[in-house]
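First comes the structure, then the notes that go with it.
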Amino acid sequence: MTKTNLARTLREPADLVEEGLAPATALPALERVAARYAVAITPALVQLIDTSDPEDPIARQFVPSAAELDVQPSERADPIGDHPHSPVAGIVHRYPDRVLFKLVHVCAVYCRFCFRREMVGPGKENALSDGAYRAAIDYVRAHSEIWEVILTGGDPLMLSPRRMSEIMTDLASIDHVKIIRLHTRVPVADPARISDEMVAALKAEGATTWVAVHANHARELTEAARSACARLVDAGIPMVSQSVLLRGVNDNVAALSDLMRAFVECRIKPYYLHHGDLAPGTAHLRTTLAQGQELMRQLRGRVSGLCQPDYVIDIPGGAGKSPVGPNYVLAEQNTAPDVRDAASETRYRILDYCGDVHLYPPET
């Protein structure tokens with residue numbers, strides 16, 4: 001691992017070369033990448049990178065690559081279709097009972113596979129203006145079907161505890177908003193930001209707070225990261241996980257098992273394993289759907305049910321998430337059952353985690 005006592009976030013390709021995270025020969029290409037996509041690697045993550053391993057899974061997530069300059073025809077700037085579902089600035093209302101609330105456009109660290117990579121980072125608007133923020137709050141207040149507000153961005157935990165407390169209070173004061181969920185990398189990327197003040201700011205009377213933490217490799221859940229998560233859970237804030245299936249990072253069952261077990265050990269329920277989105281310049285990090293389905297099949301037979309995430313894909317264009325895990329129901333033997341009558345139920349062929357086939361209901 002890198003043994004530096006680095007105290008600053010690395011933001012320039014030259015800094016990456018100086019710290020041994022990239023070769024000097026790569027500098028011209030990396031400068032072209034950085035001119036288009038934000039770069040930031042926090043000290044906590046720099047410490048995790050094994051500079052002796054050219055395939056290090058931590059470096060692969062955060063250190064820019066010349067491969068990002070190769071944009072495929074199928075890739076798009078808004079791969080999951082936020083824009084068509086944005087009625088006012090900062091709000092994405094794709095599903096009936098919940099909205100995304102994009103408060104800021106900055107992150108502690110910039111992932112090389114980010115589906116919002118064209119929208120975040122230096123040179124972009126850092127946060128909503130006061131007027132846009134009030135309009136977003138007014139939109140939520142005017143739509144009584146909104147039960148859950150998901151704070152995202154960027155990373156909402158880049159805001160100060162004081163500002164987070166104001167936002168939580170504003171949202172919790174809306175009668176029909178019962179759940180406020182935050183999507184964040186901060187407990188992993190900058191654990192010290194999860195201070196007692198921040199934890200207190202995330203709790204507001206009138207709504208229940210959930211935190212979804214993003215990590216893709218078990219090594220990211222360091223002692224400091226685990227302590228940051230424990231501060232949240234011990235305060236009564238439940239946590240779930242989000243991960244992205246990434247080539248060379250977690251695309252084998254051992255790495256995926258270790259990651260999901262690490263989440264559960266931290267009292268974080270595995271929630272979503274995302275198939276890689278069609279963000280520009282990310283083809284080198286995407287797996288195929290078939291690979292992901294096979295990994296999920298292997299995971300099912302290897303680890304506890306507590307460790308099973310949903311494997312999902314965000315359908316390009318804004319149609320939303322769809323589960324794409326393996327199908328264990330192979331075929332039907334009858335074609336016209338009465339669905340109201342268990343006695344006449346179709347007989348199915350069910351595949352178990354070992355690959356064996358069973359009839360359900362079993363033959364008498």
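The values are calculated or read from the model by the stated rules, or taken from the named source; none is laboratory data. Remember, predicted model here, so these are calculated numbers, not experimental data. Quick reminder, even Gly has a Cβ in these numbers, built from the backbone with ideal geometry, and neighbours come from all protein chains shown. Side chains included, ligands, DNA and RNA excluded: accessible areas come from the protein's heavy atoms. Shrake-Rupley method; radii C 1.70, N 1.55, O 1.52, S 1.80 Å.
Among the candidates 358, 284, the residue that is at pLDDT 90 or above and either part of a helix (DSSP H, G or I) or over 35 Å from the mean Cα position of the chain (by Cα) (or both) is uniquely 284. Can you find a residue in the range 242-251 that is at positive phi, of a type in the set (Gly, Ala, Ser) and in contact (Cβ under 8 Å) with a residue 40 or more places away in the chain? Within the range 242-251, one or more residues are at positive phi, of a type in the set (Gly, Ala, Ser) and in contact (Cβ under 8 Å) with a residue 40 or more places away in the chain. Do we have any residue at all in the range 151-159 that's out of contact with any strand residue (DSSP E or B) (no Cβ under 7 Å at 6 or more places or on another chain) and modelled with pLDDT of 95 or more? Scanning the range 151-159, I find no residue that is out of contact with any strand residue (DSSP E or B) (no Cβ under 7 Å at 6 or more places or on another chain) and modelled with pLDDT of 95 or more, so the answer is no.
Go over the candidates 141, 94 one by one and state the one that is open to solvent by 10 Å² or more (accessible area, probe 1.4 Å), touching a His at 6+ places or on another chain (Cβ under 6 Å), at negative phi and outside any loop (DSSP other than H, G, I, E, B). If you could, list the steps in order and put the result at the bottom.
On the way: 141 fails: touching a His at 6+ places or on another chain (Cβ under 6 Å).
Matching residue, one of 141, 94: 94.
Output the residue which, of all residues in the range 52-71 that are of a type in the set (D, E, K, R) and assigned to a helix (DSSP H, G or I), is farthest from residue 155 (Cα to Cα). Selected residue: 68. Residues of the range 299-327 that are in a loop (DSSP other than H, G, I, E, B) and small (Gly, Ala, Ser): 304, 317, 318, 319, 325. Considering only residues that are touching a Ser or Thr at 6+ places or on another chain (Cβ under 6 Å) and open to solvent by less than 10 Å² (accessible area, probe 1.4 Å), look in the range 182-212 and name the one that is nearest to residue 108 (Cα to Cα). The extreme case among them is 189. Put simply, of 191, 87 the only residue that is over 26 Å from residue 56 (Cβ atoms), touching a residue at least 12 places away in the same chain (Cβ under 8 Å) and in contact with a helix residue (DSSP H, G or I) (Cβ under 9 Å, 6 or more places away or on another chain) is 87. Of the listed requirements (1) under 17 Å from the mean Cα position of the chain (by Cα); (2) part of a loop (DSSP other than H, G, I, E, B), residue 125 misses just one: (1). Taking the condition of a type outside the set (S, T, N, Q), in a helix (DSSP H, G or I) and modelled with pLDDT of 95 or more, does residue 146 pass? No, not satisfied.
From 93, 143, 105, grab the single residue that is free of Cβ contacts under 8 Å to residues at least 60 places away in the same chain and either farther than 27 Å from residue 282 by Cβ or among the polar types (S, T, N, Q) (or both). It would help to see each step written out before you state the result.
Details: 93 fails: either farther than 27 Å from residue 282 by Cβ or among the polar types (S, T, N, Q) (or both); 105 fails: either farther than 27 Å from residue 282 by Cβ or among the polar types (S, T, N, Q) (or both).
Criteria check complete, one pass: 143.
For beta carbons closer than 6 Å, sequence separation of 6+ or different chains, a first residue in the range 44-69 that is among the aromatic types (Phe, Trp, Tyr) and modelled with pLDDT of 95 or more and a second that is open to solvent by less than 40 Å² (accessible area, probe 1.4 Å) and part of a helix (DSSP H, G or I), the qualifying pairs are 62/45. For the range 75-88, the set of residues classified as open to solvent by 60 Å² or more (accessible area, probe 1.4 Å) and in a loop (DSSP other than H, G, I, E, B) consists of 76, 87, listed by residue number. Among the residues of the range 240-265, which ones are surrounded by fewer than 22 Cβ atoms within 10 Å (Cβ to Cβ), touching a Leu at 6+ places or on another chain (Cβ under 6 Å) and not in a helix (DSSP H, G or I)? Passing the criteria: only 247.
Scanning the range 217-252 for residues that are in contact with a helix residue (DSSP H, G or I) (Cβ under 6 Å, 6 or more places away or on another chain) and under 13 Å from residue 287 (Cβ atoms) turns up 245, 246, 247, 248, 249, 250.
Per-residue answers, yes or no, for (1) in a helix (DSSP H, G or I); (2) touching a strand residue (DSSP E or B) at 6+ places or on another chain (Cβ under 6 Å); (3) of a type in the set (Gly, Ala, Ser):
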| position | (1), (2), (3) |
| --- | --- |
| 15 | yes, no, no |
| 22 | no, no, yes |
| 29 | yes, no, yes |
| 38 | no, no, yes |
| 44 | yes, no, yes |
| 50 | no, no, no |
